[in-house]
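Enquirer: Sending over a structure as structure tokens; questions will come in a sec.
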Amino acid sequence: MSQFDSFLYEGALAINRARQDHLASLNIPLTKKIVLEVGAGIGLHTKFFLDRKCMVTVTDGNADNVEEIKRRLPDVESYILDLDQPNAVDGIGLFDIVYCYGLLYHIGDPEAAIAQLADICKGQILLELIVNTSPKNNIEYLTDPVGNNQSLHGPACRPSRAWVIDKLKKYFGYGYITVTQPRHPEFPTNWDEKSGSNTRAVFVGSKKPLTNELLTAVIPQKQSRQPE
């Protein structure tokens, strides 16, 4: 048994493949960008950006995870970053892209985290998280298990899609949700139907308006599945 098994079992690897296949399909320019990856776990997503010749800084709030990132990616800058802490990003620099997949719902104050990331982002934040299914602008607070693939401190959240869009507009200027959903059952396409315990969606916040037929500022009740 390894302490990193929660990142490496087939179910976790399958959702990662679905996430990144979907991201690649969105026609967002992601080549040769300066990228900050937050909540990176053990760095299994990082190759997506390295393959696109990006300069990547990889971070996680768990010290053991960061040590594993350094072992796996010795040539990539990596260090501890805990977005539950105020001023966590001070002095970190500016980035074209912030990649925040699978993190925000493990944070007790997600609005403060979005605000911090907006301060250091010149372009777009790519955001994926578990949301609640309410059509209203609301957020539910709860307690998550503490672990290297869960919450750092316990407090967690499940915002609605409307809440996420509202906060992206507030701090980035523009907020979008994807028209398509990844090919994975945790990403529903019909929001009028009840789904399982994990209900995920993908968002883009941007400092400038984006013209992209695969992104919409209007929250859809029905989305299409990403084509094969």
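The values are calculated or read from the model by the stated rules, or taken from the named source; none is laboratory data. All of these numbers come straight from a predicted model, not from anything done at the bench. Neighbour counts are summed over all protein chains in view; Cβ atoms, including those assigned to glycine, are modelled from backbone coordinates with ideal geometry. Heavy atoms of the whole protein, side chains included, go into the accessibility calculation; ligands, DNA and RNA do not. Shrake-Rupley method; radii C 1.70, N 1.55, O 1.52, S 1.80 Å.
Enquirer: Any idea what the dipole of the chain comes to, in debye rounded to 20, about its Cα centre with Lys/Arg Cβ at +1 and Asp/Glu Cβ at -1?
Expert: About 840 debye.
Enquirer: Once neighbouring chains are kept in place and the probe is 1.4 Å, which whole percent of the accessible area of the range 152-228 is contributed by carbon and sulfur? Intermediate values should be presented prior to the final figure.
Expert: On the way: 1880 of 3680 Å².
The C+S portion of the solvent-accessible surface of the range 152-228 is 51 percent.
Enquirer: How large is ³J(HN,Hα) for each residue in the range 128-142, as worked out from phi by the Karplus curve 6.51 cos²θ - 1.76 cosθ + 1.60 (θ = phi - 60°), to whole Hz, x for Gly and Pro?
Expert: Values, residue by residue: 10, 6, 6, 10, 8, 9, 5, x, 8, 7, 8, 8, 9, 10, 8 Hz.
Enquirer: Next up: Measuring from a point 7 Å past the Cα of residue 17 along Cα-to-C-beta, which residues in the range 168-190 have an amide N at less than 17 Å?
Expert: Output list for this probe position: 182-187.
Enquirer: Another question about this same structure. Looking at the range 59-152, which trypsin sites (Lys or Arg not before Pro) are in a loop (DSSP not H, G, I, E or B) and have at most 10 other Cβ atoms within 10 Å?
Expert: Loop-located and lightly packed - 136.
Enquirer: At a 1.4 Å probe radius, carbon and sulfur cover how many percent of the accessible area of the range 91-150? Don't jump to the answer; show the numbers that get you there.
Expert: Details: 1150 of 2300 Å².
Heavy-atom surface of the range 91-150 belonging to carbon and sulfur, 1.4 Å probe: 50 percent.
Enquirer: So, in Å, what gap is there between the alpha-carbon centers of the range 10-31 and the range 90-154?
Expert: 18
Enquirer: State the label only: which of (i) 1.17; (ii) 0.94; (iii) 0.99 corresponds to Cα Rg over 2.2 N^0.38 Å computed from the shown model?
Expert: Step by step, Cα Rg over 2.2 N^0.38 Å for this structure corresponds to label (ii).
Enquirer: What's the FRET efficiency of residue 228 with residue 134 using the Cβ-Cβ distance as r and R₀ = 35 Å, to the nearest 0.05?
Expert: So the FRET efficiency works out to roughly 0.65.
Enquirer: Counting heavy atoms of the protein chains only and a 1.4 Å probe, report the per residue accessible area for the chain as a whole number of Å².
Expert: Each residue of the chain exposes 46 Å² on average to a 1.4 Å probe.
Enquirer: So for the range 84-228: antiparallel DSSP bridges make up what percent, rounded to the nearest 5?
Expert: Working: 19 of 29 bridges.
In the range 84-228, DSSP labels about 65 percent of beta bridges as antiparallel.
Enquirer: For the range 90-138, what ratio Rg/Rh do Cα atoms give with a Kirkwood hydrodynamic radius?
Expert: Working: Rg = 12.1 Å, Rh = 12.0 Å.
When Rh is taken as the Kirkwood radius, the ratio is 1.01.
Enquirer: Based on the Kirkwood radius over alpha-carbon pairs, what value in µm²/s does the Stokes-Einstein equation return for the translational diffusion coefficient of the range 1-99 at 4 °C and 1.567 mPa s?
Expert: Calculated translational D: 91 µm²/s.
Enquirer: Please go through the residue pairs 33/169; 70/169; 170/222; 70/122; 70/222; 47/136 and name each one whose alpha carbons sit more than 29 Å apart in this structure. Please list the in-between numbers first.
Expert: Values: 33/169 22 Å; 70/169 35 Å; 170/222 25 Å; 70/122 26 Å; 70/222 41 Å; 47/136 36 Å.
Beyond 29 Å between Cα atoms: 70/169; 70/222; 47/136.
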